[in-house]
Amino acid sequence: MNYLYKEFTGGPERIVKVILDGWANVLLLDDVNYNNYRLGLKFKYYGGKIEKSPYHIRPPFNGHWNVVVERAGIPGTISASINII
């Protein structure tokens, strides 16, 4: 599966800003759920299908986080930037 990825450590004081050139799924995952995502197992995430840019999301609690930007198997390329503020 092709996707864009960024990791960071922080909590609600941080803002994840994603700028997209089209629609994409933006997933904010903790380490356990990111590992499940990579293995094709059931996982929980914050975010979802995003059609307007920029998109902002905050982690709900302190921890190590993984941001994934993907198109859920739909062909095409993703052009996006992921910034942690």
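Just so you know, all these numbers are worked out from the coordinates, no wet-lab data involved. Just so it is clear, the structure is predicted and the values come from calculations on it, not from any experiment. So basically every Cβ, Gly included, is an ideal-geometry build from the backbone, and we count neighbours across all protein chains shown.
Quick notes on this one:
- Net charge contributed by nearby residues that have their C-beta within less than 13 Å of THR9 (K/R +1, D/E -1): -2
- Counted over all Cα-Cα pairs of the chain, pairs farther apart than 19 Å make up 32 percent.
- LEU39-THR77 pseudo-label distance in nm [points 7 Å out on the Cα-to-Cβ vector]: 3.3
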